[in-house]
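The values are calculated or read from the model by the stated rules, or taken from the named source; none is laboratory data. Fair warning: this is a prediction, and the values are worked out from it, not measured in the lab. All Cβ positions, glycine included, derive from the backbone under ideal geometry; neighbour counts span all protein chains shown.
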Amino acid sequence: MPIYTKTVTVRTSGQGTYEITNEISSALRSTGLNAGAVTVFCQHTSCSLVIMENADPSARHDLHYFMDKLVPDDDPNYTHTMEGPDDMTSHIKMALTRTAEVIPFDHSRLCLGTWQGVFLWEHRDAPHGRRIVLSFNGE
């Protein structure tokens, strides 16, 4: 089975979820593969990936609210704060979520549900360029 790997850069403007489904689908089309799976991997320790509802932004808003309540920036007991008050919290949020997703594809289309999208979840306040490695394996 052939394997195709591509790295894409996602520009963020601070904390939030950034949909990358179209970038993954576009890269899949460029491989010419029909069926298989793609591994989506985030090369960072202060952001993560999530498959989430992509139709109603309020679902992601509530997800952000929940995570910020669970892991607040202002905990005075954090010692890893060299890059600011969101430094350790961004690492904790990443550790509680995922840095990789495996998504099957068939007929050259991702097998996502009707309301599912793939999102880069930026946990830092500052803008970043995030590298996402896509590894397609199939036929």
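For segment 22-36, the condition holds for at least one residue, the condition being that it is buried (at least 17 other Cβ atoms within 10 Å of the Cβ) and assigned to a strand (DSSP E or B).
Being farther than 27 Å from Asp87 by Cβ, polar (S, T, N, Q), at pLDDT 95 or above and touching a Lys or Arg at 6+ places or on another chain (Cβ under 8 Å) narrows it down to one residue among Ser46, Ser58, Ser30, Ser26; which is it? Quick ask: steps written out before the conclusion?
Details: Ser46 fails: farther than 27 Å from Asp87 by Cβ; Ser58 fails: touching a Lys or Arg at 6+ places or on another chain (Cβ under 8 Å); Ser26 fails: touching a Lys or Arg at 6+ places or on another chain (Cβ under 8 Å).
Exactly one residue qualifies, and that residue is Ser30.
Kindly evaluate Asp62 against the criterion of being part of a loop (DSSP other than H, G, I, E, B), among the acidic types (Asp, Glu) and without any contact (Cβ under 8 Å) to a residue 12 or more places away in the chain. So Asp62 fails the test. Selection of first residues in segment 106-121 that are surrounded by fewer than 17 Cβ atoms within 10 Å (Cβ to Cβ) and of second residues that are at pLDDT below 95 and hydrophobic (A, V, I, L, M, F, W, C), restricted to Cβ pairs under 6 Å at least 6 apart or on distinct chains, gives an empty result. Just for segment 74-86: of the residues that are surrounded by fewer than 17 Cβ atoms within 10 Å (Cβ to Cβ) and among the charged types (D, E, K, R), which one is modelled with the lowest pLDDT? Across segment 74-86, the extreme among qualifying residues is Asp74. Scanning segment 37-73 for residues that are of a type in the set (Ser, Thr, Tyr) and over 27 Å from Asp106 (Cβ atoms), we see that the one that is surrounded by the most Cβ atoms within 10 Å (Cβ to Cβ) is Ser46. Would you check if Arg11 is part of a strand (DSSP E or B), modelled with pLDDT of 95 or more, loosely packed, with under 12 Cβ neighbours inside 10 Å and not small (Gly, Ala, Ser)? It is true that Arg11 is part of a strand (DSSP E or B), modelled with pLDDT of 95 or more, loosely packed, with under 12 Cβ neighbours inside 10 Å and not small (Gly, Ala, Ser).
Can you pull out the residues in segment 65-103 that are under 30 Å from Ser25 (Cα atoms) and in a helix (DSSP H, G or I)? Spell out how you get there, then give the answer.
Of all residues in segment 65-103, those under 30 Å from Ser25 (Cα atoms) come to 65-67, 90-103.
Residues satisfying the conditions are Tyr65, Phe66, Met67, Ser90, His91, Ile92, Lys93, Met94, Ala95, Leu96.
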